[in-house]
Amino acid sequence: MTVKRALGRGLLIAFLLYIVWLGWQIAGFREYGTGPSRLRESVSAGPEFEIEGVYHVHSRFSDGRETVDQIARTAARKNVDFILLTDHGNPNQKALDAQGRKEGVLIIAGTEISTNRGHLIGLGFARPDPSRPFSREAEAAALEIASLGGFSIIAHPYAKTRWSWGRQGEFDGLEIMDMDSAAKSHFLRTLPYLPALVVRPGLALLKMIRAPKQTLRKWDELLRRRPVLGFLSADAHFLYGPVFEIFHLHVLLEKPPAEEFETAKRQILDSLRRGRFFSAVDAAARARGFRFWLQDGSFHAAAPFSFAHETAIIHDGREVYRSRDAALTFSPPQPGVYRAEVYLRERSPLAPDVPWIISNPIMCGDRK
Ligand SMILES: [Zn+2]
Ligand SMILES: [Zn+2]
């Protein structure tokens, strides 16, 4: 009887300790940064307009749980300017038909093609003739997308645990992290945070994110041969509200987005294609205002944030510079491709080795 009672008391204490710990975790989850980011409030940083969107979203036109209208409403509530809808298909004609400005959110459709190598995202292509769907062969599909003015992105490259995309590739981009794979692979490790899904869903999702070391290594390897864009991907199928807060693409436009949908869509896709964007884990801290650029042979980064953070510059898979300053200048010792990563250095639900911001690569001088 006494043993039973002692055991019961022990369990009760353990449970209470867990509740206190969870409460402390939830209370300690604060968002850094300021202000909403709707189109109408889009700020101008120098000559550029920065707008934010979510890349890789599924609707009921494939295996997503909600309709495009519901998704647009959720996106509007979360202050997202645009959604890149990528329903499965070759391409998904219904998703292409559903494009437009809804609830003030630009719904831009591409498609996710199941190929022999894995899932390939196509964006910005002119609609192919319905009698000539995209190939199921990855390289052929990428060429078809390119011939229709679009560009292709390798989706969740390590979902099958090993690289299946060959050495050269005709692909323009790569997903560096995606929320769907993170949730599937690290669900068990985040079990203690699951009750937080009810009050602070972002906290539970952020805890599922692990440093994308393998993908970053592969990206740097690919960058030795050709420019490849890096994307943080939602791969959203449900829980749209919380998921739309996690990863944002910050797209830089020369002019504010046009009122007319087709023009605004073209502006966003052109910037994406040219790498005029960066990705960030915005649920950990708002990344609005970050810039990384090349001027007069030197790299410059602006990370104008009031909280502690650290910017690293990476060249050929190696970190060549690191700074805690809000503005930095770096003279590259040799020509080549350089990119930046920013890490949060204040208490944050994001693991310290997970990059908070990932810039796109910039070529300096001639390729060796
Ligand atoms: Zn996929
Ligand atoms: Zn997907």
Practice problem: Could you list all residues from region 344-356 that are farther than 13 Å from Pro212 by Cβ and either in a strand (DSSP E or B) or open to solvent by less than 20 Å² (accessible area, probe 1.4 Å) (or both)? | Solution: Leu344, Pro349
Exercise. Can you run down the residue pairs with Cβ atoms below 7 Å, 6 or more apart or on separate chains, where the first is in region 49-63 and at positive phi and the partner is acidic (Asp, Glu) and within 11 Å of ligand 2 (Cβ to nearest atom)?
Key: His56/Asp178; His56/Asp235
Self-check item: Subset tally (residues that are within 20 Å of Leu174 (Cβ to Cβ) and either within 14 Å of ligand 2 (Cβ to nearest atom) or touching a residue at least 40 places away in the same chain (Cβ under 8 Å) (or both)) for region 109-134
Solution: 15
Self-check item: Per-region count, region 249-277, residues touching a residue at least 60 places away in the same chain (Cβ under 8 Å), open to solvent by less than 10 Å² (accessible area, probe 1.4 Å) and touching a Phe, Trp or Tyr at 6+ places or on another chain (Cβ under 7 Å)
Solution: 5
Quiz item: Can you tell which of Ile145, Ile83, Ile153 is more than 23 Å from Leu222 (Cβ to Cβ) and either in contact with a Cys (Cβ under 8 Å, 6 or more places away or on another chain) or open to solvent by less than 60 Å² (accessible area, probe 1.4 Å) (or both)?
Solution: Ile83
Quiz prompt | Count of residues meeting criterion [β-branched (Val, Ile, Thr) and in contact with a Lys or Arg (Cβ under 7 Å, 6 or more places away or on another chain)] in region 163-217 | solution = 1
Self-check item: Residue list for region 150-164, restricted to those being within 11 Å of His119 (Cβ to Cβ) and more than 17 Å from the chain's Cα centre (by Cα)
Solution: Lys160, Ser164
Exercise. Please go through region 226-248 and pick out each residue that is within 19 Å of Val80 (Cβ to Cβ), outside any helix (DSSP H, G or I) and open to solvent by 20 Å² or more (accessible area, probe 1.4 Å).
Key: His237, Phe238, Leu239
Quiz item: Does region 317-340 hold any residues that are open to solvent by 10 Å² or more (accessible area, probe 1.4 Å) and either within 14 Å of Gly230 (Cβ to Cβ) or part of a loop (DSSP other than H, G, I, E, B) (or both), and which are they?
Solution: Gly317, Arg324, Asp325, Ala326, Ser331, Pro332, Pro333, Gln334, Pro335, Val337
Practice problem: Output the residue which, of all residues in region 75-91 that are farther than 23 Å from Ser271 by Cα and in contact with a strand residue (DSSP E or B) (Cβ under 6 Å, 6 or more places away or on another chain), is nearest to ligand 1 (Cβ to nearest atom). | Solution: His88
Quiz item: Of the residues that make up region 249-269, is at least one outside any helix (DSSP H, G or I), more than 12 Å from the chain's Cα centre (by Cα) and closer than 23 Å to Ser348 by Cα?
Solution: no
Exercise. Kindly provide the set of residues from region 58-80 that are basic (Lys, Arg), assigned to a loop (DSSP other than H, G, I, E, B) and either crowded, with 24+ Cβ neighbours inside 10 Å or within 21 Å of the chain's Cα centre (by Cα) (or both), ordered by number.
Key: Arg65, Lys78
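The values are calculated or read from the model by the stated rules, or taken from the named source; none is laboratory data. Keep in mind that what you see is a predicted model, and the values were worked out from it rather than measured. Don't worry about glycine lacking a Cβ; one is built from the backbone with ideal geometry, like all the others, and counts go over all protein chains shown. These area figures cover heavy atoms from the full protein model, side chains too; ligands, DNA and RNA do not enter into them. Shrake-Rupley method; radii C 1.70, N 1.55, O 1.52, S 1.80 Å.
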